[in-house]
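Every read-out reported here was derived from the displayed coordinates using simple, explicitly stated rules and does not represent laboratory data. Please read these numbers as outputs of a predicted model, since none were measured by experiment. Please note: Cβ atoms are built from the backbone with ideal geometry, for glycine as well, and neighbour counts cover all protein chains shown.
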Amino acid sequence: MQESGRSVRFSHIGISLAESETIYSILNGTFHVLEDDQEYLFSDQSMAGTVKVSFPFPFSDAFFELFADGWFELKHVLKDMKRRRGNKDLEVQFYFDGLIQDEGIVHFGLLFQLSNLNQKEFEMGLEKIEYHVDTITTELSKMPERGSRSIYSYNPLRRKWIR
């Protein structure tokens, strides 16, 4: 079932055709997808690739319910991509259009990024995203000035997502 009216943006650099087709297929199972292949920009040989997915939905339990099977598959593919790259870095970014607060959508950029992590840290960070809906919603609702974007990175020393 595809969510109508809003398109997920999927961009990538330095990943194989098979990997990009697999991710596209997973996303396209639920959403309309606009793909941006940026291979011509790939020049950093220490980086083994970048995957960016922009969801035009708020970061919420409802999103993870809508995309439940796809989210599980996407995590599996990304973990496998990281494993096959060994010590080279695979950067992953998930962008959401705000969050739900007081039963309304608060629009702003909410970005989760995984970068410069070993395999175990990468997997832990990826697994924890969906379980932080309530924590992040509470944390951001207490901030008087949220700004146009909030960026979270996984901190392996603290084993949590931090701003």
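Spin-label pair LYS79-TYR131: with each label point 7 Å from Cα along the Cα-Cβ axis, the two points sit 1.2 nm from one another. Just to be sure I understand, if you calculate Cα extents along the principal axes in Å for this structure, which of (1) 92, 46, 36; (2) 43, 39, 27; (3) 50, 39, 28 do you get? Label of the calculated value: (2). Compared with the direct C-alpha span, the chain from ASP69 to ASP36 gains 9.5 nm at full extension, assuming 0.36 nm per residue. Here the Gaussian network model covers the chain, with springs between Cα atoms less than 10 Å apart; of GLU35, GLU91, GLU139, GLU139 fluctuates the most. Take every Cα pair under 8 Å whose residues are at least 6 apart in sequence, average their separation, divide by the length of the chain, and the relative contact order is 20 percent. The residue list LEU90, ASN28, SER141 was ranked by how far each Cα lies along the charge dipole of segment 3-162 toward its positive end, using unit charges on Cβ atoms, and LEU90 comes out on top. Taking the Cα atoms of segment 51-102, the ratio Rg/Rh between the radius of gyration and the Kirkwood radius comes to 1.06.
Across segment 16-28, rounded Karplus estimates of 3J(HN,Hα) from the backbone phi angles (6.51 cos²θ - 1.76 cosθ + 1.60, θ = phi - 60°) give 6, 4, 4, 5, 5, 5, 5, 5, 4, 4, 4, 5, 5 Hz, Gly and Pro being marked x. Rounded to the nearest 20, the size of the Cβ-charge dipole of the chain about its Cα centre is 700 debye, with Lys and Arg at +1 and Asp and Glu at -1. Of the residues SER115, GLY70, LEU126, the one whose Cα sits farthest toward the positive end of the charge dipole of segment 64-138, with +1 on the Cβ of Lys and Arg and -1 on the Cβ of Asp and Glu, is SER115. Rounded to whole Hz and in sequence order, give me ³J(HN,Hα) for segment 120-136 from the Karplus expression 6.51 cos²θ - 1.76 cosθ + 1.60, θ = phi - 60°, writing x for Gly and Pro. So the J values, rounded to whole Hz, are 5, 4, 4, 5, 4, x, 4, 5, 7, 4, 5, 8, 9, 4, 5, 4, 5.
For segment 29-120, the Kirkwood estimate of the hydrodynamic radius, built from every pair of different alpha carbons, is 14.8 Å. Neighbours of THR22, meaning other residues whose beta-carbon lies under 10 angstrom from its beta-carbon, give a summed charge of -4 when Lys and Arg score +1 and Asp and Glu score -1. For TYR152, the residues whose modelled amide H falls within less than 5 Å of its own, excluding neighbours fewer than 5 places apart on the same chain, are LEU111, PHE112, GLN113.
One decimal place: the segment LYS120-GLN101 gains 3.6 nm when fully extended, by the rule 0.36 nm per residue minus the C-alpha distance. Within the chain, antiparallel bridges make up roughly 45 percent of the DSSP beta bridges whose residues both belong there.
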